[in-house]
Amino acid sequence: MAASQVSRDNIKIKGKIKWFYTHEGSRHGFCDNCGANMFWQNDNKSTISVTAGSLEDSKDLKTWHHIFIEEKGCYYTINPNDPQSRGYGDSKID
């Protein structure tokens, strides 16, 4: 899933979101209308991850780094020159 990470202070969420904890300290936000997965966040970080398809304008998004690389889908490859992390990695935002 393509997602972007942003400081919680720099995002404005429109509409109703239903939040569900999937792990201790980690929750996902879903559209209250259609159920689409739109956000996830770790309570210990100052950032929120936003699915790229839920943004009004995502044309200028670029790959910063790949996270959870061991869980990536088998249907694509990651450029070995791109930064990669086995977990969240260094967001450089916190």
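Miscellaneous remarks
- Residue within the stretch 62-69 that is of a type in the set (A, V, I, L, M, F, W, C), modelled with pLDDT of 90 or more and part of a loop (DSSP other than H, G, I, E, B) present: no
- Residue-level analysis places GLN5 among those that are at pLDDT below 90 and not in a loop (DSSP other than H, G, I, E, B).
- The listed residue being under 19 Å from GLN84 (Cα atoms) and loosely packed, with under 11 Cβ neighbours inside 10 Å, out of LYS16, LYS12, LYS62: LYS62
- Where a residue in the stretch 9-26 is at positive phi and its partner, wherever it lies, is in a loop (DSSP other than H, G, I, E, B) and surrounded by fewer than 10 Cβ atoms within 10 Å (Cβ to Cβ), with Cβ under 7 Å and at least six apart: GLY25/ASP43; GLY25/ASN44
- For beta carbons closer than 6 Å, sequence separation of 6+ or different chains, a first residue in the stretch 66-94 that is among the aromatic types (Phe, Trp, Tyr) and a second that is at pLDDT below 85, the qualifying pairs are TYR88/ILE67.
- Hits in the stretch 74-92 - residues which are at pLDDT below 85, at negative phi and either of a type in the set (A, V, I, L, M, F, W, C) or exposed (fewer than 12 other Cβ atoms within 10 Å of the Cβ) (or both): TYR76, ARG86, GLY87, ASP90
The values are calculated or read from the model by the stated rules, or taken from the named source; none is laboratory data. Since this is a predicted model, take the numbers as computed values, not measurements. We place every Cβ from the backbone using ideal geometry, glycine too, and count neighbours over all the protein chains shown.
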